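Chemist: First the structure, then my questions, so here it is.
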Amino acid sequence: MSWRLWLKRSAAACFALMTLGVSYAATSFDNLEGGWSGSGSMKPKDGAWERVRCKVAYNVTKPDKAISLDLRCASDAYKMSLSANIEQNGTQLSGNWFEHEYRQGGNISGTNSDGVIEARIEGETVAALVTIKTKGNHQSFVMNAPGSWLSQVAIELNKDAN
């Protein structure tokens with residue numbers, strides 16, 4: 001597999017994690033409706049931390065049960081455009097994601113308990129773990145993907161004013 005293809009697949013899976021983190025951090029999906037934006041950093045496996053900027057648009061498809069979203073993130077090196085559909089049954093999360101720039105997708109699974117999300121994102125060649133917390137109009141998440149090109153991500157987002 002070429003370095004460029006490996007980079008694209010790894011980045012797509014990592015940004016899918018961010019999507020999950022942003023979309024399921026709140027107890028009620030209804031509170032997520034609308035736009036969120038923010039920034040943070042990402043660390044390639046063999047490189048220095050790099051700044052990343054993100055915008056997310058959420059659409060609640062079933063109140064407190066399902067949400068769809070569109071995520072756009074950019075760093076100095078690349079950009080991502082990702083969509084996801086995620087459902088919650090009790091504390092269990094499941095869904096799918098697709099990154100449009102690099103044409104990669106996969107599954108999302110995890111739990112949402114006591115305001116803490118713990119999830120696993122899987123694609124054809126990558127897997128990652130994410131922990132997410134939301135407080136009011138602020139969301140933060142941390143992602144770890146050992147062995148992937150993009151090994152760590154930390155993002156802070158705020159809900160856009162209506």
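Rule-based calculations on the coordinates, nothing more; no lab input. As the structure is a prediction and not an experimental result, all values here were calculated from the model. Here Cβ is always computed from backbone atoms with ideal geometry, including for glycine, and neighbour counts include all displayed protein chains.
Chemist: Cross-link partners among aspartates and glutamates for residue 55, C-alpha distance below 12 Å, same-chain residues fewer than 8 apart left out?
Modeler: Result set, ordered by chain and number: 70, 156, 160.
Chemist: The range 59-139: which GluC sites (Glu not before Pro) are DSSP loop and have at most 10 other beta-carbon atoms within 10 angstrom?
Modeler: On the way: sites: 87, 99, 101, 118, 122, 124; in loops: 101, 124.
Those that pass, being in a loop and sparsely packed, are 124.
Chemist: How would you rank 34-45, 147-158, highest first, on the average number of other Cβ atoms within 10 Å across their residues?
Modeler: Numbers: 34-45: 16.7, 147-158: 18.9.
Most protected by this proxy first, the peptides run 147-158, 34-45.
Chemist: Taking residue 65 as the anchor, which aspartates and glutamates have their alpha carbon closer than 12 Å to its alpha carbon, excluding any fewer than eight residues away along the same chain?
Modeler: 30, 87
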